[in-house]
Amino acid sequence: MSGHVLSNDAVAALVDAAKEGRLPEEPRNPGRKRRMRPVDFTRPTKFTADQERRLKRAMEAFCRTAATRLSAELRVPLELELLNTTQLTWGNAHGQVPDGSTATIALTKPFGTRVLLTSEQSLVLGAIELLLGGASTGDVRERRLTDIDWALARHFHARVLAQLSVIWQDMAGVELEVEQIDAHLETAQLMPVSEPTLAITLEARLEGGSSTMALLIPWSSLAPMASAFGGRDESDAVRGEDEARSVRRAVGRIDITLRAEVASREMPIEDVLALRPGDVLRLDAPAEGGITLFADKVPVHRAKPGRAGSRRAAQVVERVRRPS
């Protein structure tokens, strides 16, 4: 009602309506909605994209080499495949490991940090059966492991870590060895529950059966060797060279002005206007210095002036070195 003058009758009507609670509601201007963005604190981003990519490639190489080595030792085909890599907190990564899995604490040398390798019991029992001379894993049933079973389980995981050590040794100079093996995951709590952790899940296929293995890498365990896993690998370098060649081909056909310059000096405009035919202009550059070839304003080559038939020419002598 702003901008309007009310009559006495209108004012009286408003007062009566107020007493009876019948005042008209004024239209509300819709306010700006508050923008909300969900944040998942179970998905840390401590590992960089380069580190995660290099670790993923390392595990893919491990799957190829370890499958060959372990198949020969077990005398049956064993296939390993990388399923996924995920950044989680230690508590969430630890909680995603299937119940009943065997937990192996692996020590990194020379840094002395620890990572956790887990395997489902079906895979461990199948490997034990084959290491004991069994011909098949079809009749293996879950059971309580004996001391002999634990010794063979340790042997199996030691072979797995030995193959992973070959890959990590080449990448970061790190070796892995079994420090402790246990069937109770609760006792394998290496880190605080909030520790950023890279969970790498593998699938192991043994005689038609499928099991999972998981490698949990806490950030504090990778930190001493993070720079080795964060650098560009050879494939990245090759890809960079290919991209450089592509850029060179793309700009290689662009026309630019190439000019030859004997020397240059700065003069006041009045001195330039005062020059007359026959005047000598000192350039303060040695005559034996030749000329400089410029691509636009960038010096690229030193050259000697000359002639090619009836035309002027320049013979390139050396490339101009730019200050680093």
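What follows draws every value from the coordinates through simple rules; no lab data is involved. What you are looking at is a predicted structure, and each value in this text was computed from that prediction instead of being measured. Ideal geometry is used to build each Cβ from the backbone, glycine not excepted, and the neighbour counts take in all protein chains shown.
Amide H contacts for Met213 (H built 1.01 Å from N in the peptide plane; partners 5 or more residues away or on another chain; cut-off under 5 Å): Leu202, Glu203, Ala204. The fewest-to-most ranking of Ser101, Ser136, Ser71, Ser165 by surrounding Cβ atoms within 10 Å reads Ser136, Ser71, Ser165, Ser101.
Remark: the range 270-318 carries a charge dipole of roughly 380 debye about the Cα centre, counting +1 on each Lys and Arg Cβ and -1 on each Asp and Glu Cβ. Here the contact order of the range 254-319, divided by its residue count and restricted to Cα pairs under 8 Å and six or more residues apart, works out to 29 percent. Once both labels are positioned 7 Å from their Cα atoms along Cα-to-Cβ, the gap between Arg144 and Leu283 label points is 9.8 nm. Along the charge dipole of the range 49-234, which of Thr201, Asn92, Trp219 sits closest to the positive end, that is, farthest toward it, with unit charges on the beta carbon of Lys, Arg, Asp and Glu (+1, +1, -1, -1)? With unit charges placed on the Cβ atoms, the residue in question is Trp219. Neighbour counts of C-beta atoms inside 10 Å place Ser221, Ser119, Ser210 in the sequence Ser210, Ser221, Ser119, starting with the fewest. Shape class of the range 105-175 from the alpha-carbon gyration tensor: prolate, with a/c at 1.5 or above and a/b greater than b/c. A Förster radius of 45 Å, combined with the Cβ-Cβ distance separating Val166 from Arg321, puts the computed FRET efficiency at roughly 0.55. Sorting 146-155, 310-319 by average packing, meaning the other beta carbons within 10 Å per residue, from highest down gives 146-155, 310-319. Around the Cα centre of the range 49-234, unit charges on the Cβ atoms of Lys, Arg, Asp and Glu (plus for the first two, minus for the last two) sum to a dipole of about 260 debye.
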